[in-house]
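A.B. asks: Before anything else, here's the structure in question.
The values are calculated or read from the model by the stated rules, or taken from the named source; none is laboratory data. None of the values given here were measured: they were computed from a predicted structure. Because the Cβ atoms are built from the backbone with ideal geometry, glycine has one as well, and the counts that use them run over all protein chains shown.
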Amino acid sequence: MYKRTRFYDFTYYNFIGSWAWVLHRLSGLALIFYLSLHIWVINSLTHGEATFNHVMTFLNGAPFKLLETGLWGVILFHAFNGVRIVIVDFFKGTLVQKKLFIVLIAVAFVLWALGSYLILQHVQWRAG
Amino acid sequence: MNKDFKQTSRSGSVAWLLQRISAVILFILLLLHFISYHFLSQGRAVSYQYIVAKAGSWWFPLLQFAFLITALYHGLNGVWSVLEDYTAGKFWRLFWYGLLLTVGAALLFVGTLTIIKLYTLPVA
């Protein structure tokens with residue numbers, strides 16, 4: 001019988017596909033957590049212009065915008081690995097799934113850089 | 001055979017298929033959602049005036065609503081499929097499923113209300 005030696009044994013697990021599976025789950029859980037927060041926070045923008053600007057000043061500071069580039073990265077990973085899953089499941093992509101992963105993540109990385117540039121342009125530096 | 005497996009005898013293939021269909025829709029909606037708040041705002045962060053200006057267009061609030069329901073469905077269905085891997089027994093399956101439905105209903109309510117209020121903001 002197979003006996004686990006460590007807390008988590010990666011002996012039969014250390015492949016692109018299995019890591020993609022783990023990261024897809026973790027990023028998915030992170031994203032539903034973010035979505036809940038996002039719905040909650042955006043709701044506080046609906047209480048008039050003064051509150052809107054107050055909340056937005058808080059959210060448009062450099063720390064939140066940096067976090068937002070991280071979020072954009074997690075989203076793109078999940079989205080482009082998701083494209084790979086759809087190709088594997090419906091378009092016989094199993095034989096090229098590793099190549100697919102590398103190509104799609106490369107595309108995601110380019111989009112991440114472009115999107116992060118847009119996000120960081122929106123940083124509102126507080127007038128000193 | 002472990003009797004717990006009987007609780008998972010319904011294959012869940014419909015949820016599996018819908019997860020992929022919603023994924024494809026979400027992929028497009030997500031890019032539009034991102035573009036609408038980070039690209040169309042032309043180099044500046046979204047302002048009160050930007051939201052008020054977009055309220056007049058029929059597609060802008062509709063896009064955000066379509067994004068909301070697709071993201072919520074895909075997200076909660078995803079959490080359910082993760083939970084299914086670690087949950088056995090009628091009680092816990094019902095418990096988690098009920099919890100996800102409740103959370104989903106609450107988020108759908110708050111989200112819909114937000115979109116309606118945001119795109120009917122008073123013009124200052």
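A.B. asks: Within the bounds of segment A:16-23, is there any residue that is within 9 Å of another protein chain (Cβ to nearest Cβ), closer than 18 Å to A:GLY73 by Cα and within 12 Å of the chain's Cα centre (by Cα)?
C.D. replies: no
A.B. asks: Name the one entry in B:TYR97, B:TYR73, B:TYR50, B:TYR86 that is at pLDDT 90 or above and either within 12 Å of another protein chain (Cβ to nearest Cβ) or under 17 Å from B:LEU32 (Cα atoms) (or both).
C.D. replies: B:TYR73
A.B. asks: In this structure, is A:ARG84 of a type in the set (D, E, K, R), at negative phi and modelled with pLDDT of 85 or more?
C.D. replies: Yes: the conditions hold for A:ARG84.
A.B. asks: Something else now. Considering only residues that are buried (at least 16 other Cβ atoms within 10 Å of the Cβ) and in a helix (DSSP H, G or I), which ones fall in segment B:84-102?
C.D. replies: Of everything in segment B:84-102, those that are buried (at least 16 other Cβ atoms within 10 Å of the Cβ) and in a helix (DSSP H, G or I) turn out to be B:GLU84, B:ARG93, B:TRP96, B:LEU100.
A.B. asks: Follow-up. Six or more apart or on different chains, Cβ under 6 Å: which pairs go from a residue in segment A:50-61 that's more than 9 Å from chain B (Cβ to nearest Cβ) to one that's aliphatic (A, V, I, L, M)? Could you list them?
C.D. replies: A:VAL55/A:LEU45
A.B. asks: Identify all residues within segment A:108-128 that are at pLDDT below 85, surrounded by fewer than 17 Cβ atoms within 10 Å (Cβ to Cβ) and not basic (Lys, Arg); write none if there are none.
C.D. replies: Passing the criteria: A:GLN121, A:VAL123, A:GLN124, A:TRP125, A:ALA127, A:GLY128.
A.B. asks: Right, A:LEU71: within 11 Å of another protein chain (Cβ to nearest Cβ) and under 25 Å from B:TRP80 (Cβ atoms) or not?
C.D. replies: Spelling it out, A:LEU71 is indeed within 11 Å of another protein chain (Cβ to nearest Cβ) and under 25 Å from B:TRP80 (Cβ atoms).
A.B. asks: With the condition kept exactly as written, say whether any residue in segment A:20-28 is more than 29 Å from B:LEU113 (Cα to Cα) and exposed (fewer than 13 other Cβ atoms within 10 Å of the Cβ).
C.D. replies: Checked segment A:20-28: at least one residue is more than 29 Å from B:LEU113 (Cα to Cα) and exposed (fewer than 13 other Cβ atoms within 10 Å of the Cβ).
A.B. asks: Another question about this same structure. For B:TYR37, indicate whether it is at pLDDT below 85, more than 8 Å from chain A (Cβ to nearest Cβ) and more than 24 Å from A:LEU76 (Cβ to Cβ).
C.D. replies: No: the conditions fail for B:TYR37.
A.B. asks: Collect the residues in segment A:88-107 that are within 16 Å of B:ILE21 (Cβ to Cβ) and either touching a helix residue (DSSP H, G or I) at 6+ places or on another chain (Cβ under 6 Å) or surrounded by 17 or more Cβ atoms within 10 Å (Cβ to Cβ) (or both), keeping them in residue-number order. Quick ask: steps written out before the conclusion?
C.D. replies: Applying the first criterion (within 16 Å of B:ILE21 (Cβ to Cβ)) to segment A:88-107 yields A:88-91.
Of everything in segment A:88-107, just one residue is within 16 Å of B:ILE21 (Cβ to Cβ) and either touching a helix residue (DSSP H, G or I) at 6+ places or on another chain (Cβ under 6 Å) or surrounded by 17 or more Cβ atoms within 10 Å (Cβ to Cβ) (or both), namely A:VAL88.
A.B. asks: Out of the residues in segment A:57-82 that are over 14 Å from the mean Cα position of the chain (by Cα) and buried (at least 17 other Cβ atoms within 10 Å of the Cβ), state the one that is nearest to A:ILE42 (Cα to Cα).
C.D. replies: So, considering only residues that are over 14 Å from the mean Cα position of the chain (by Cα) and buried (at least 17 other Cβ atoms within 10 Å of the Cβ), the one nearest to A:ILE42 (Cα to Cα) is A:LEU59.
A.B. asks: Would a scan of segment B:22-31 turn up a residue that is among the aromatic types (Phe, Trp, Tyr) and either under 22 Å from the mean Cα position of the chain (by Cα) or loosely packed, with under 14 Cβ neighbours inside 10 Å (or both)?
C.D. replies: yes
A.B. asks: Additional query: Kindly list the number of the only condition in (1) closer than 23 Å to A:GLY28 by Cβ; (2) within 17 Å of the chain's Cα centre (by Cα); (3) crowded, with 16+ Cβ neighbours inside 10 Å that fails for B:ILE115.
C.D. replies: (1)
A.B. asks: The conditions are (1) more than 7 Å from chain B (Cβ to nearest Cβ); (2) within 29 Å of B:ALA53 (Cβ to Cβ); (3) at pLDDT below 95, and A:LYS99 fails exactly one of them. Which is it?
C.D. replies: (2)
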